[in-house]
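Here is the structure we will look at, set down as structure tokens.
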Amino acid sequence: MNLKKMGAAELERCVQKKLQQLSNHSGNKALGEKIVTKQQLELSPFKAVPFSEWGDWEQDPLNNRSWQWRLNWLSFLSYLMAYHRASGDEAVLDSAREGIQSWLDAYLETDTSYPFEFIWHDHATALRAEQLVLLAYYCREHAPDWVSKHAGFLTYLEQALVVHGQWLAKDSFYSEHTNHGLEQARVLLLLGTVFEGEQAREWQQTAIQRISSELSFAFTDEGVHVENSPAYHIFVFKVFLGIIKDYPEEVLGDLAEQFNQFSAKALAFITHILRPDGKLPPIGDTEQLPTSDAYRDMFGHRLEYQHFLYALTQGKQGIRPPVLNRVYPKSGYAIFRDQWPAKEHYEKAFHLIAKVGCSSRYHHQQDEGHISLYAGGEDWLIDSGLYNYINQDPVRKYMRGRPGHNVPIISHASYAKEFEHRLSAWQVTDHSEAAPAPQLTMRLDVLPPVVHERKVAFDAAAKVLKVEDTVSAEDSQLRNVTLQWHFPKDKTLTIEDSQVVVTSPTGNRLTIEFEGEIPDNLSVAKGRKEDRVFSCISYKANQVEPSQVLRVMFKERRGLNVTTRFRFAMAEDKVAPAPEQSDIPEHSLKTLLAASRQADPVTQSVMIGNASAYLALASSHREQGLGHVSLLVNDSAACEQAQAQLREHYLTTWLSCRPLALASTPPVTADKAALKGLEGIGRLVITPTGFTEKRLTTVLLSMLPPLLKRMTKTGEVWISADLPESLQALCTTWAEQRGLAVSVVTGLDVAMEVSHD
């Protein structure tokens with residue numbers, strides 16, 4: 001099997017563009033320079049370790065499996081390519097060659113029986129193959145003289161890639177329906193694309209079938225990834241997005257359409273799960289870090305992207321989402337807010353997340369029923385986070401287990417031995433997304449024979465969270481039930497009889513009260529002592545800090561029904577005021593045109609849609625003897641219809657019609673032909689006539705920004721009252737951001753008397 005030449009069209013995105021990105025990456029360059037000139041190996045995000053030569057592939061200098069994993073998928077090759085691109089020093093490629101040859105000589109002829117985990121690890125094997133592909137093409141493209149000197153090594157590397165392809169193609173090696181399996185299929189598709197021959201075509205077909213299966217499994221029909229972690233939702237979503245972007249339609253077949261079925265919902269989940277501080281919540285195996293925007297090209301023509309952008313930029317860009325609260329009953333999440341504040345107060349919002357249940361084995365934690373709460377610019381109820389993937393680590397054990405979450409500890413009850421029991425042992429029995437009082441009721445049977453029902457109700461106006469817990473079992477066993485509520489270390493917890501007061505250095509204050517049954521004991525535990533972990537949180541991988549847990553104990557109960565009320569009193573400067581609502585005046589078209597006649601004349605009018613008002617606009621220009629109307633419509637048929645009307649009213653001189661020809665596949669950009677000559681626009685009229693709502697959304701998201709830029713400083717935007725509310729908000733927001741006057745107009749699609757003089 002031979003690698004195709006770089007010029008092959010199918011390699012443009014999956015190889016050539018990736019090489020450009022990684023070899024021009026300044027961070028990669030710096031890390032490569034450390035290896036070659038400073039003898040330091042820094043496998044990001046880990047700290048640097050001393051480096052002298054390649055060879056000890058099973059070392060563990062940081063006592064961390066993830067570091068070993070990165071070493072054995074040869075992640076450092078990207079660093080060396082970037083440093084060679086910047087320096088041109090062949091010694092850099094010599095170092096890459098020595099590393100690859102060392103690994104291949106030691107392990108290429110072994111198999112999965114080899115005792116070290118990361119030699120033929122499912123995920124590491126895939127990523128290593130990708131690194132080798134990219135290095136082979138990088139050398140061909142940027143170091144042809146070096147390649148001619150090391151032809152034998154390049155042949156050896158290609159043979160190694162064939163071996164990797166054979167491993168990845170094996171059904172027995174494939175980790176089906178996991179993010180690892182998806183990565184295996186993605187790289188098998190890469191290998192099937194870069195190699196020539198029948199074997200490569202078979203790899204490609206196998207990869208496409210697997211990716212389709214992974215796509216069907218990975219996300220619920222609510223658009224939420226099943227691996228129990230917001231971070232992995234984003235990671236896997238981006239992997240699929242990359243596959244769709246990297247390969248042409250003739251390779252992907254129906255995959256692009258399959259992806260399109262859920263992708264907008266997946267983006268919307270990110271919008272809602274992002275915290276008011278712009279970070280991901282540390283639920284499941286998630287680090288509390290910001291995320292990035294990798295979605296503009298694919299979703300820039302969708303309104304969901306503008307909502308995501310508002311959440312990502314904390315109100316600085318995008319359009320405020322129209323929905324406050326979201327419940328995903330099939331996926332096991334509920335997300336409640338008090339508001340989407342303006343950018344000046346964005347971080348002060350309330351943001352509550354309930355994690356109801358587990359959807360798959362991967363990255364699961366024992367967090368059924370957990371609640372996280374952020375409010376007034378800070379954390380209150382917290383989760384435990386990721387920490388690391390070392391299952392023997394006592395901190396990792398704590399974070400994965402029930403003690404690390406805001407869930408009850410119940411004696412004489414435990415998880416079933418068969419993991420699959422957990423997948424169906426939870427359900428959302430009732431919920432409401434209605435503001436300002438969303439609620440959720442869940443039933444949890446994860447600890448047989450105990451049934452735990454938890455109702456979560458949020459009063460956004462009063463800033464009160466109410467959690468009602470009911471614990472029952474059919475046997476007569478007496479049980480201890482301990483409710484757990486974890487708080488950050490900066491909070492002060494004061495127990496006063498059966499009430500708890502939680503204060504913050506910011507001046508915010510929380511009072512916790514219990515209704516129904518009275519606790520037998522209230523206590524606070526903090527941090528850890530040697531291997532005993534009481535309360536900790538990991539905001540970033542491999543880092544941990546102490547937190548504190550309020551333990552609310554009910555002793556020897558056959559059942560329990562208790563309501564915990566969390567009542568917030570926020571400092572004055574920590575409350576987000578309600579967003580100001582734009583007071584957009586509403587006028588009839590006749591009124592606005594009459595007012596225009598008395599103001600400075602408009603020389604350029606643009607109208608989107610073929611509402612009958614275009615006749616009145618053209619007539620207005622004829623009356624003033626100045627200017628022109630440009631009509632932007634859905635298709636040429638609409639243009640022909642408009643031209644007939646214009647001829648009937650002797651207005652053809654005053655209006656030109658332009659059908660919009662937007663791309664049918666992303667990225668969808670403005671129609672340059674339709675924009676030609678449109679400058680100094682004094683009046684922009686937006687109507688829905690002639691468009692489906694989906695098509696109109698695409699038109700506005702792509703055409704509105706360049707049209708607004710072409711408007712005069714005194715220009716006016718007239719928005720049809722018939723425009724869907726979400727699109728009215730879009731047009732109003734963007735127009736006001738440019739300081740333009742906005743009016744809502746009625747009667748745009750009503751026939752008006754047109755002067756024939």
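The values are calculated or read from the model by the stated rules, or taken from the named source; none is laboratory data. Bear in mind the structure is a predicted one, so any value in this text is a computation, not a measurement. Neighbour counts run over all protein chains shown; Cβ positions are idealised from the backbone, glycine included.
Okay, residues lined up against (1) touching a Ser or Thr at 6+ places or on another chain (Cβ under 9 Å); (2) under 27 Å from GLN339 (Cβ atoms); (3) not assigned by TED's automatic domain parsing to the domain that holds VAL187:
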| site | (1), (2), (3) |
| --- | --- |
| VAL236 | no, no, yes |
| PHE240 | yes, no, yes |
| TYR247 | yes, no, yes |
| GLY253 | yes, no, yes |
| THR271 | no, yes, yes |
| LEU274 | yes, yes, yes |
| ASP277 | no, yes, yes |
| GLY284 | yes, yes, yes |
| GLU287 | yes, yes, yes |
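Any chance you could count how many residues in region 661-674 are over 33 Å from the mean Cα position of the chain (by Cα) and under 22 Å from SER720 (Cα atoms)?
Matching residues across region 661-674 total 1.
Here are TYR346, TYR389, TYR398: which of them is closer than 21 Å to HIS177 by Cβ and in contact (Cβ under 8 Å) with a residue 60 or more places away in the chain?
Values: TYR346 fails: closer than 21 Å to HIS177 by Cβ; TYR398 fails: closer than 21 Å to HIS177 by Cβ.
One residue alone meets the criteria, TYR389.
Select from region 556-597 the residues that are closer than 29 Å to ALA461 by Cβ and of a type in the set (S, T, N, Q) and list them in ascending order.
ASN561, THR563, THR564, GLN581, SER582
From the list ALA599, ALA595, ALA611, which one is crowded, with 20+ Cβ neighbours inside 10 Å and not aromatic (Phe, Trp, Tyr)?
So the residue among ALA599, ALA595, ALA611 that is crowded, with 20+ Cβ neighbours inside 10 Å and not aromatic (Phe, Trp, Tyr) is ALA611.
What residue, of THR110, THR125, is closer than 13 Å to ALA160 by Cβ, out of contact with any Ser or Thr (no Cβ under 7 Å at 6 or more places or on another chain) and free of Cβ contacts under 8 Å to residues at least 40 places away in the same chain?
Unique residue meeting the criteria: THR110.
Is there a residue in region 666-681 that is assigned to a strand (DSSP E or B) and either free of Cβ contacts under 8 Å to residues at least 12 places away in the same chain or surrounded by 15 or more Cβ atoms within 10 Å (Cβ to Cβ) (or both)?
Of the residues in region 666-681, the ones assigned to a strand (DSSP E or B) are 681.
Narrowing the set further to residues that are either free of Cβ contacts under 8 Å to residues at least 12 places away in the same chain or surrounded by 15 or more Cβ atoms within 10 Å (Cβ to Cβ) (or both) leaves 681.
Yes, because at least one residue in region 666-681 is assigned to a strand (DSSP E or B) and either free of Cβ contacts under 8 Å to residues at least 12 places away in the same chain or surrounded by 15 or more Cβ atoms within 10 Å (Cβ to Cβ) (or both).
State all residues of region 63-81 that are part of a loop (DSSP other than H, G, I, E, B) and at pLDDT below 95; if no residue qualifies, say none.
ASN63, ASN64 - these are the residues of region 63-81 that are part of a loop (DSSP other than H, G, I, E, B) and at pLDDT below 95.
I'd like to know if region 158-168 contains one or more residues that are assigned to a helix (DSSP H, G or I) and among the aromatic types (Phe, Trp, Tyr). Reasoning before the result, please.
Pass one, region 158-168, residues assigned to a helix (DSSP H, G or I): 158-168.
In the following step, the residues that additionally are among the aromatic types (Phe, Trp, Tyr) were identified as 167.
Within region 158-168, one or more residues are assigned to a helix (DSSP H, G or I) and among the aromatic types (Phe, Trp, Tyr).
Keeping to region 542-558, report how many residues are over 25 Å from LYS489 (Cβ atoms) and surrounded by 14 or more Cβ atoms within 10 Å (Cβ to Cβ). Walk me through it before giving the result.
Here is the first cut: in region 542-558, the residues over 25 Å from LYS489 (Cβ atoms) are 554-558.
Checking the rest, the ones that are also surrounded by 14 or more Cβ atoms within 10 Å (Cβ to Cβ) come to 554, 557.
Number satisfying all stated conditions: 2.
Go through (1) among the acidic types (Asp, Glu); (2) more than 30 Å from PRO45 (Cα to Cα); (3) touching a residue at least 60 places away in the same chain (Cβ under 8 Å) for ASP531 and report which single condition fails.
For ASP531, the failing item is (2).
Can you give me the number of residues within region 175-222 that are in contact with a Gly (Cβ under 6 Å, 6 or more places away or on another chain) and not in a helix (DSSP H, G or I)?
Adding up the residues that qualify gives 1.
Which of the following residues is out of contact with any strand residue (DSSP E or B) (no Cβ under 6 Å at 6 or more places or on another chain), surrounded by fewer than 16 Cβ atoms within 10 Å (Cβ to Cβ) and either of a type in the set (S, T, N, Q) or under 30 Å from THR687 (Cβ atoms) (or both): ASP583, ASP573, ASP531?
ASP583
Mind listing just one residue for me: the one in region 314-338 that is in a loop (DSSP other than H, G, I, E, B) and of a type in the set (A, V, I, L, M) and, of those, nearest to ILE382 (Cα to Cα)?
So the residue we want is LEU324.
Return yes when PHE262 is in contact with a strand residue (DSSP E or B) (Cβ under 8 Å, 6 or more places away or on another chain), modelled with pLDDT under 95 and either under 21 Å from VAL327 (Cα atoms) or not polar (S, T, N, Q) (or both) and no when it is not.
Yes; evaluated as a whole, the condition is true for this residue.
Just give me the residues in region 449-508 being of a type in the set (Gly, Ala, Ser) and more than 32 Å from the chain's Cα centre (by Cα), in sequence order.
Correct list: SER472, ALA473, SER476, SER498, GLY507.
Exactly one of these conditions fails for ALA311: (1) part of a helix (DSSP H, G or I); (2) surrounded by 24 or more Cβ atoms within 10 Å (Cβ to Cβ). Give me its number.
Answer for ALA311: the failing condition is (2).
Could you pull out the residue among LEU93, LEU135, LEU157 that is in the same structural domain as ASP56 (by TED's automatic domain parsing), more than 30 Å from SER216 (Cα to Cα) and in contact with a Phe, Trp or Tyr (Cβ under 7 Å, 6 or more places away or on another chain)?
The unique qualifying residue is LEU93.
Quick one: would you say PHE173 is assigned by TED's automatic domain parsing to the domain that holds GLU10 and more than 33 Å from the chain's Cα centre (by Cα)?
Against the criterion (assigned by TED's automatic domain parsing to the domain that holds GLU10 and more than 33 Å from the chain's Cα centre (by Cα)), PHE173 does not qualify.
Is one or more of the residues making up region 623-634 within 20 Å of VAL750 (Cα to Cα), free of Cβ contacts under 8 Å to residues at least 40 places away in the same chain, part of a helix (DSSP H, G or I) and in contact with a strand residue (DSSP E or B) (Cβ under 9 Å, 6 or more places away or on another chain)?
Checked region 623-634: no residue is within 20 Å of VAL750 (Cα to Cα), free of Cβ contacts under 8 Å to residues at least 40 places away in the same chain, part of a helix (DSSP H, G or I) and in contact with a strand residue (DSSP E or B) (Cβ under 9 Å, 6 or more places away or on another chain).
Tell me whether region 82-89 contains one or more residues that are closer than 27 Å to HIS180 by Cβ and either touching a helix residue (DSSP H, G or I) at 6+ places or on another chain (Cβ under 9 Å) or at pLDDT 95 or above (or both).
Within region 82-89, one or more residues are closer than 27 Å to HIS180 by Cβ and either touching a helix residue (DSSP H, G or I) at 6+ places or on another chain (Cβ under 9 Å) or at pLDDT 95 or above (or both).
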